Amino acid sequence: LSEVYSSIEIMAPPEKVWAALTDPEQLASWWGSDDDYRTYNWRMELRPGTAWSCEARSASGHESTVGGTVIELDPPRTLAYTWNPSWESMPETTVRYTLTRTDRKGTLVEVHHTGFGPDHAQIAKGHEEGWRRVLGWLSKGVVSE
Amino acid sequence: MVTDVYHAVADPTRRALLDRLLNGEKAAQELADGFDMSRPAVSKHLRVLREADLVRETRKGRNRVYKLNPKPLREADEWLAQYRQFWQRNLSNLKRHVEGR
């Protein structure tokens, strides 16, 4: 199945990044921005199987929510939860953060957002391979205008 | 549309067929050559690709000719591009927050 990957190096130890990713107070202060949307009412408990959620208000006043279930927890290395946004009618996807200490005394933060596809029944290895191929084509410019 | 594209590229035979069309159009016979399956089986895969609008069929004399149509691939990628942007922005915000205190 297809996935979205993003990463960044943060010049702080993993423990500090972990706290920012899991503490509701910190989440509300960094997740979103004034010109885009703000998040509030963050609920997150550091126990697998618990529900998490937050609400968001866009700069134009539009309200939305996103939440799911915490499915993996290994502080300060791995955090994964399911992702059910109110603004999109798609099957549940999964967000997984991986924190790795770098030799520059920083933390490499990687996000894998997986599970994008037509429906759960079709979540299969073939999709992942298929999507890699599609992205390969796109990057080679083969299918660009 | 995006759903059909996902389904279409999920299958290795259909990906191989698309690979063969990357360098230009091909006649049905040429396209089916070298596949370890019957012509009807290949035709079935081609139909899935046609239904996803990834492949267009034209007639040239007595031959059916297949051509790749890249547009649905771009549309599918645009859908995911929104999420890539979202996470990139979000991680930048996280970095600013963590490094700023």
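Some observations on this one:
- Residue that is nearest to B:Asn90 (Cα to Cα) [pool: residues in the range A:22-79 that are open to solvent by 70 Å² or more (accessible area, probe 1.4 Å) and under 15 Å from the mean Cα position of the chain (by Cα)]: A:Arg77
- Every residue from the range B:65-75 that is outside any helix (DSSP H, G or I) and surrounded by 15 or more Cβ atoms within 10 Å (Cβ to Cβ): B:Val65, B:Tyr66, B:Leu68, B:Asn69, B:Pro70
- Search result, residues across the range A:10-21 that are surrounded by fewer than 19 Cβ atoms within 10 Å (Cβ to Cβ), more than 9 Å from every other protein chain (Cβ to nearest Cβ) and more than 12 Å from B:Glu99 (Cα to Cα): A:Glu15
- Test: residue in the range B:26-45 that is touching a Gly at 6+ places or on another chain (Cβ under 8 Å), within 16 Å of B:Asn69 (Cβ to Cβ) and open to solvent by less than 20 Å² (accessible area, probe 1.4 Å): no
- The range B:48-61: number of residues that are among the basic types (Lys, Arg) and exposed (fewer than 12 other Cβ atoms within 10 Å of the Cβ): 2
- Among (1) open to solvent by 40 Å² or more (accessible area, probe 1.4 Å); (2) within 14 Å of chain A (Cβ to nearest Cβ); (3) of a type in the set (Val, Ile, Thr), the one test that B:Thr13 misses: (1)
- Filter result for the condition that a residue is of a type outside the set (A, V, I, L, M, F, W, C) and assigned to a strand (DSSP E or B), over B:Arg56, B:Arg84: B:Arg56
- Given (1) more than 11 Å from chain B (Cβ to nearest Cβ); (2) part of a strand (DSSP E or B), index of the condition A:Ser7 fails: (1)
The values are calculated or read from the model by the stated rules, or taken from the named source; none is laboratory data. For clarity, every value in this text was computed on a predicted model and none was experimentally measured. No Cβ is skipped: glycine too gets one built from the backbone with ideal geometry, and neighbour counts run over all protein chains shown. Just so you know, the surface numbers come from the protein's heavy atoms only, side chains and all, with ligands and any DNA or RNA stripped out. Shrake-Rupley method; radii C 1.70, N 1.55, O 1.52, S 1.80 Å.
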